[in-house]
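Here is the structure we will look at.
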């Protein structure tokens, strides 16, 4: 099993910055239509497209869960958010949830002891490793993801305007087009870039190891985003540009961060080396946990 020390929260805040580039068309639906199409993409108040942080984080989480769950003998726990009596995570095991609720009720009022709840969450009947990192109804996430804002290129007006694609509903019995079931939807073009900002609050060694799995899959372009992916939409690639670390236990480091005096911004080549070194360090932690 993985050493408990590898699950212990660290003392750092780590900020990862970069951009996500669309390889194919992208459709992140707004849930609304317009005069132009039946299904528009989500846009901000200025009409610029963006990718909700929840969409990015959900894709990242499912990638990590799927990857580690498919490897036999890994020392990580993941519930994959699947309910069941045999689940080994508080998020999905209703029996453990009742025990947790009973513990909360027993400590109401003057008897409240937060440490007992923390100990329960960290026990064998507590949260799995992916719920610790990505969050659960019983504990906040250690990974914060901002909405991915559109990064304008040279052709600012044309590149953000989506094209309209058409489709028809298929009758699954006859394998033919259903009568009067034509629809269309908006698709953003390829080569569009969106800013990525991730914040890790006090990550453990195991958090960094698991995050490296998801980030590397995104860097290779194996994590699609958005809807209508069966038509080839949503292929993206992550480009990690910058890594910043803040020691939250060091007063000088924390004050420098709060005042924006963190040593200045190095050139892109230095940033790239630091980003690569960060991933290498994360994979070293992953290798240590596996062995």
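Which one of the conditions (1) assigned to a loop (DSSP other than H, G, I, E, B); (2) touching a helix residue (DSSP H, G or I) at 6+ places or on another chain (Cβ under 8 Å); (3) at pLDDT 90 or above does residue 85 fail to meet, given that it meets all the rest?
Among (1) assigned to a loop (DSSP other than H, G, I, E, B); (2) touching a helix residue (DSSP H, G or I) at 6+ places or on another chain (Cβ under 8 Å); (3) at pLDDT 90 or above, residue 85 violates only (3).
Restricting attention to region 101-114, does a residue exist that is surrounded by 16 or more Cβ atoms within 10 Å (Cβ to Cβ) and touching a residue at least 12 places away in the same chain (Cβ under 8 Å)? Can you show your working first?
Of all residues in region 101-114, those surrounded by 16 or more Cβ atoms within 10 Å (Cβ to Cβ) come to none.
No, that holds for no residue.
Confirm whether residue 45 is surrounded by 15 or more Cβ atoms within 10 Å (Cβ to Cβ) and over 20 Å from the mean Cα position of the chain (by Cα).
no
Could you look through region 107-127, keep only residues that are modelled with pLDDT of 85 or more and outside any loop (DSSP other than H, G, I, E, B), and pick out the one that is nearest to residue 137 (Cα to Cα)?
Taking the candidates together, the pick is 121.
Scan region 5-44 residue by residue and report those that are without any contact (Cβ under 8 Å) to a residue 60 or more places away in the chain and outside any loop (DSSP other than H, G, I, E, B).
Within region 5-44, just 43 meets the criteria.
Among (1) at pLDDT 80 or above; (2) surrounded by fewer than 18 Cβ atoms within 10 Å (Cβ to Cβ), where does residue 73 come up short?
(1) is the only condition that residue 73 fails.
Scan region 162-182 and tell me whether some residue there is at pLDDT 85 or above, assigned to a strand (DSSP E or B) and not assigned by TED's automatic domain parsing to the domain that holds residue 91.
no
For region 244-261, indicate whether the set of residues that are closer than 16 Å to residue 23 by Cβ and in contact with a helix residue (DSSP H, G or I) (Cβ under 7 Å, 6 or more places away or on another chain) is non-empty.
Checking region 244-261: not a single residue is closer than 16 Å to residue 23 by Cβ and in contact with a helix residue (DSSP H, G or I) (Cβ under 7 Å, 6 or more places away or on another chain).
Residue 225 is checked against (1) buried (at least 20 other Cβ atoms within 10 Å of the Cβ); (2) part of a helix (DSSP H, G or I) and fails just one. What number does that condition carry?
(2) is the only condition that residue 225 fails.
Could you tell me how many of the residues in region 141-161 are modelled with pLDDT of 90 or more and part of a loop (DSSP other than H, G, I, E, B)?
The total comes to 4.
Could you tell me whether region 89-105 includes any residue that is assigned to a loop (DSSP other than H, G, I, E, B) and at pLDDT below 85?
no
Got a sec? Which of 81, 117, 90, 60 is surrounded by 15 or more Cβ atoms within 10 Å (Cβ to Cβ) and within 30 Å of residue 161 (Cβ to Cβ)?
60
Just a yes or no: is a residue in region 251-272 at pLDDT 80 or above and either assigned to a loop (DSSP other than H, G, I, E, B) or outside the structural domain of residue 51 (by TED's automatic domain parsing) (or both)?
yes
The values are calculated or read from the model by the stated rules, or taken from the named source; none is laboratory data. Being a predicted model, the structure only gives us computed values, none of them experimental. Every residue, glycine among them, receives a Cβ derived from its backbone with ideal geometry; neighbour counts consider all protein chains shown.
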